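Peer 1: My questions will all concern the structure given below.
Only the coordinates and a few stated rules stand behind these numbers; no lab work does. In this text, all values refer to a predicted model and were calculated from it rather than measured experimentally. Methodologically, a virtual Cβ is constructed for each residue, glycine included, from the backbone with ideal geometry; neighbour enumeration extends over all protein chains shown.
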Amino acid sequence: MKRLSQLLAFALGGVISLTLLQSLSACSEGSDLARKIDSHMALTTIDVAGAKEVSRFYDTLDRYSNSPDDKRDQDHFRDAFRHVRANYVSEVNDAVLIDAAIDGVNKIESKKDGGVAPGLLVEAALDSMLSSLDPHSQYLSPDELKERRVFASGEFGGLGIQVTMEDGLVKVIAPIEDTPADRAGMKAGDLISHLDGNSIKDFTLSDAVKIMRGRVGTKINITVIREDIDPFDILITRAVIHVRSVKWRVEKNIGYIRVSSFTEQTEPGLIDAFEKIKIKGGNKIKGYVLDLRNNPGGLLDQAVIVSDMFLDDGEIVSIRPRRTDYARSYSAEYGDAAGGKPVVVLVNEGSASASEIVAGALKDNVRAVIMGRRSFGKGSVQTIQQLPVKGALQLTTALYYFPSGKSIQALGVQPDIVIDIPPAEQSAPAQKAKDDNKEGENETEGHIIREADLPGSINAQNQNTKTQSSKMGVAHLPINSCPAAGTEGKDKELGCAIAYINSSSAAAFLAKIGATPPT
């Protein structure tokens, strides 16, 4: 199987600002672009205005620090400040950054003049400064950086939920498949109000995540608020999380491949899936279903590799940082592992980041039919930059673009065939979306939480009101029109994907299923 060479190890992250124990990220150290960014940072000096703002933070630091002469922590803050102002995806105002940093210090309830360790003050400042930028930028402590690298390998310890913050509560974006949280019954959209009986109303997301972490085998009681029912408790035992990135099976002469996340295990897992499907199905395999539903994303190089496995040529994705001379694009090499057979990609509102790269690349190259519901819309790139003193920054440094030239940021991938699901059956809680860009969608789509709804979400600089173009247009069909499929015989979206591949044409499928004609 071919491999792509010299792939940029950007970190795309998950769909949220912080996941429980890890977000799906990888360090960009060692890449060509990372070296150029480092060089640019080294050449970037803080001008007089910037120096004045940093001095303003130092005054706050000196006031509360029990070691005001400790230059190491001052250098730590300055290095982070320089990196943010030089490399964030858009230009940021120095005063706004420093205001956010000081606000972080002011939120330390136990602070008193001359009584706080400078390291604690600087960490609080960096947490606040980075989180003020967008939902996905954050400061990583040394322990968090270590855990982030472990997660990229596909194995780590924790509960197995991806979370964000909403109205002072921790909100579950999605449980990771086959993890303690998933088996305990946690669902996307759940709000966490108490941990071991203690309210988290005034906690930061980082504070809550630190409490949810713990030794493997220990238990934590989580109070859950779920729509339309009374709050209840779930007892979860922490465990080592083994993320099996790829699962496969042959169903009705269709090769079914489920990719749940994009980790270092994805490429070998997908190669193995193709080989075993071909052994089991032989010449009877009619096509493939690539299931990316509720896949929150992961490593960019894996997204490019997965896209390339279905393509003989064509652009896959382009990445555009603030510095246009650092822009990069990635294209497919010859060799379609699916042998040119029909492919349907299943996506939904939980498909984000790397998942959207794959779906968008296969759609724009007219290699696959995209089926399901509009994806999450996370089109920003996070680079992890280790700091000289300690810790690292997970910083949004670029936006990514489809072959069509359109940005996914805040828009998402629009399926060719939208499967309409009644609001009561949707995986996310009913809430009116704030974005107005819902071309080709039905009313229920406006009740899904996506990237555009997250506080501080970035708007793509060239964004317009249109999503990706579609060769066949956008068709709609009610989910109850789909035949059931899957191991438990309840997966109607998969049933429609299989029915599509077994149809003689798109028109024949739509007519048989009773879909609304393409618009």
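Peer 1: In whole percent, what relative contact order does segment 301-407 give with Cα contacts below 8 Å and a gap of six or more residues?
Peer 2: Values: 207 pairs, mean separation 30.6, N = 107.
Result for segment 301-407 is 29 percent.
Peer 1: Continuing with this model, one more query. Work out how much length Lys210 to Ser67 would gain on full extension: take 0.36 nm times their residue separation and subtract the Cα-Cα distance, in nm to one decimal.
Peer 2: 48.9 nm
Peer 1: So, one more: Is segment 187-325 rounded, prolate or oblate when judged by the Cα gyration tensor, a ≥ b ≥ c being the square roots of its eigenvalues, rounded requiring a/c under 1.5 and prolate requiring a/b larger than b/c? It would help to have the intermediate numbers written out before the result.
Peer 2: Values: a/c = 2.61, a/b = 1.71, b/c = 1.53.
Taking the square roots of the gyration eigenvalues as a ≥ b ≥ c, segment 187-325 is prolate.
Peer 1: Take the alpha-carbon positions of segment 79-122, form their convex hull, and give its projected area averaged over all directions (one quarter of the hull surface) in nm².
Peer 2: About 3.6 nm², averaged over all directions.
Peer 1: Highest mean first, what order results for 288-294, 378-384 on Cβ atoms within 10 Å? Write out the running numbers ahead of the final one.
Peer 2: Working: 288-294: 25.4, 378-384: 28.1.
Descending mean neighbour count gives 378-384, 288-294.
Peer 1: Okay, moving on. If a/c stays under 1.5 just call it rounded; otherwise compare a/b with b/c (prolate if a/b is bigger, oblate if not). Do that for segment 155-242, with a ≥ b ≥ c from the square roots of the Cα gyration tensor eigenvalues.
Peer 2: prolate
Peer 1: Give me the extension gain from Ile279 to Asp47: residue separation times 0.36 nm, minus the current Cα-Cα distance, reported in nm with one decimal.
Peer 2: 77.2 nm
Peer 1: Sticking with this structure for a sec: Pull out the extension gain between Tyr334 and Ala507, defined as 0.36 nm times the separation in residues minus the alpha carbon to alpha carbon distance; nm, one decimal.
Peer 2: The Tyr334-Ala507 span can extend by a further 59.3 nm.
Peer 1: A further question follows. First check a/c for segment 340-408, with a ≥ b ≥ c the square roots of the eigenvalues of its C-alpha gyration tensor; if it is under 1.5, answer rounded, and if not, answer prolate when a/b is larger than b/c or oblate otherwise.
Peer 2: In terms of gyration-tensor shape, prolate.
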